[in-house]
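Below is one structure; the comments refer to it alone.
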Amino acid sequence: MIGVLGGTFDPIHFGHLRPALDCLQALALDEIRLIPLNVAVHRAPPVASSALRLAMLEAAIAGQPGFVADPREIERPGGSYTYDTLISLRAELGRERPLCLLIGADAFAGFPGWHRPADILDLAHLVVMQRPGASVAPDPALQALCAGRISDRAGDLAETSAGRILFHEVTQIDVSATHVRELVRQGLSPRWLLPDAVISIITREGLYR
Ligand code: ATP
């Protein structure tokens, strides 16, 4: 099974990295592709360039077995739709291999508003990582998408290539990229919220000031 964690990663922080490692280990994933978006379609544009967000991601995961920086969205022009990314991963990996799209609970709450959410579920499982402060409000559109798909066993995901939804407990780390950027903007240290190697790039490039 392959995990996929897409994000703005502006910058990548421990709230991405530790939950991703929890999923890698608990779901026995072969690897996790970390995929920085290029052109945001559901949110404000990133502050740092695509090249620097990718460089920060690569620095953060250097030497970590199973973590792979995947530049396919950055190399693709236009809006970064998860549906297109999964189509391109399927072209590379084939139809059979289970793909697990890892998303935070805050992102899951907005999932019905994504481009082709039902088709996304034909291409991948969803693994919803709970996130401090994020709760999923009852929403008929989300309930319709989830109907008949909820799994309570991680082992179910390995049995089919796509289409299940698993709510997975991960380490709760109350960090957001917004908070990191705000600290840097105020001239305060963001240390111990994200890897030192990422802070070095932020400092060197004068990011988020
Ligand atoms: P920003 O503050 O700029 O909105 P962010 O910290 O939410 O950024 P993203 O790159 O937008 O980070 O998030 C990528 C994915 O990681 C999303 O699915 C998001 O829900 C998840 N995620 C981000 N931070 C956490 C966290 N602290 N715990 C669990 N999941 C997280």
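The values are calculated or read from the model by the stated rules, or taken from the named source; none is laboratory data. Small disclaimer: the values here were computed from a predicted structure and weren't measured. Note: ideal-geometry Cβ built from the backbone for every residue, glycine included; neighbour counts use all protein chains shown. Heavy atoms of the whole protein, side chains included, go into the accessibility calculation; ligands, DNA and RNA do not. Shrake-Rupley method; radii C 1.70, N 1.55, O 1.52, S 1.80 Å.
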**Study point:** Only Lys, Arg (+1) and Asp, Glu (-1) charged, at Cβ; region 1-98 dipole about Cα centre in debye
**Key:** 160
Review point. What residues qualify as long-range amide H neighbours of GLY6, i.e. H under 5 Å apart, gap of 5 or more or another chain, H built at 1.01 Å from N?
Key: ILE35, LEU102
Exercise for review: Only helical DSSP H runs with n ≥ 4 go in: add -39500 (n - 2.57) per run for the chain, normalise by residue count and round the 222 nm mean residue ellipticity to 500 deg cm²/dmol.
Suggested key: -10500 deg cm²/dmol
Exercise for review: Determine the sum of side-chain charges near ARG90: Lys and Arg each +1, Asp and Glu each -1, restricted to other residues whose C-beta is under 13 angstrom from that of ARG90.
Suggested key: -1
Review point. If one computes the Cα centroid of region 25-41 and of region 152-166, what distance in Å separates the two points?
Key: 17
Exercise for review: Kindly report the accessible area of the chain per residue (heavy atoms of protein chains, probe 1.4 Å, no ligands, DNA or RNA), in Å².
Suggested key: 46
Exercise for review: Might you report the magnitude of the Cβ-based charge dipole of region 2-173 about its Cα centre, with Lys and Arg at +1 and Asp and Glu at -1, to the nearest 20 debye?
Suggested key: 180
Review point. Mind checking the angle between helix 82-93 and the chain's longest principal axis? C-alpha axes, 0 to 90 degrees, to the nearest 10.
Key: 70
Practice item. Kindly provide the GluC sites (Glu not before Pro) of region 2-89 that DSSP labels as loop, not H, G, I, E or B, and whose Cβ sees at most 11 other Cβ atoms within 10 Å. Key: GLU75
Point to revise | DSSP-loop trypsin sites (Lys or Arg not before Pro) across region 71-123, with at most 12 other Cβ within 10 angstrom | key: ARG95
Check your understanding: So for region 131-209, taking the charge dipole from beta-carbon charges (+1 Lys/Arg, -1 Asp/Glu), which of ALA158, HIS168, ALA134 sits furthest toward the positive end?
Key -> ALA134
Review point. What is the dipole size for region 89-209, taken about its Cα centre, with +1 at each Lys and Arg Cβ and -1 at each Asp and Glu Cβ, in debye to the nearest 20?
Key: 340
Practice item. With a ≥ b ≥ c taken as the square roots of the eigenvalues of the C-alpha gyration tensor of region 1-149, please select rounded if a/c is under 1.5 and otherwise prolate if a/b is larger than b/c or oblate if it is not? Key: rounded
Review point. In the chain, what percentage of the DSSP-assigned beta bridges are antiparallel, given to the nearest 5?
Key: 0
**Study point:** Nearest-ten-degree value, helix 196-205 long axis tilted from longest Cα axis of the chain
**Key:** 60
Exercise for review: Can you check what the net charge comes to around ARG164, using other residues whose Cβ is under 14 Å from the Cβ of ARG164 (Lys, Arg +1; Asp, Glu -1)?
Suggested key: -2
Exercise for review: Specify the residue with the greatest mean-square fluctuation among PRO138, PRO195, PRO71, computed from a Gaussian network of the chain linking alpha-carbon atoms under 10 Å apart.
Suggested key: PRO138
Exercise for review: Count charges around ARG185 for me, please; just the other residues with Cβ under 15 Å from its Cβ, Lys/Arg as +1, Asp/Glu as -1.
Suggested key: -1
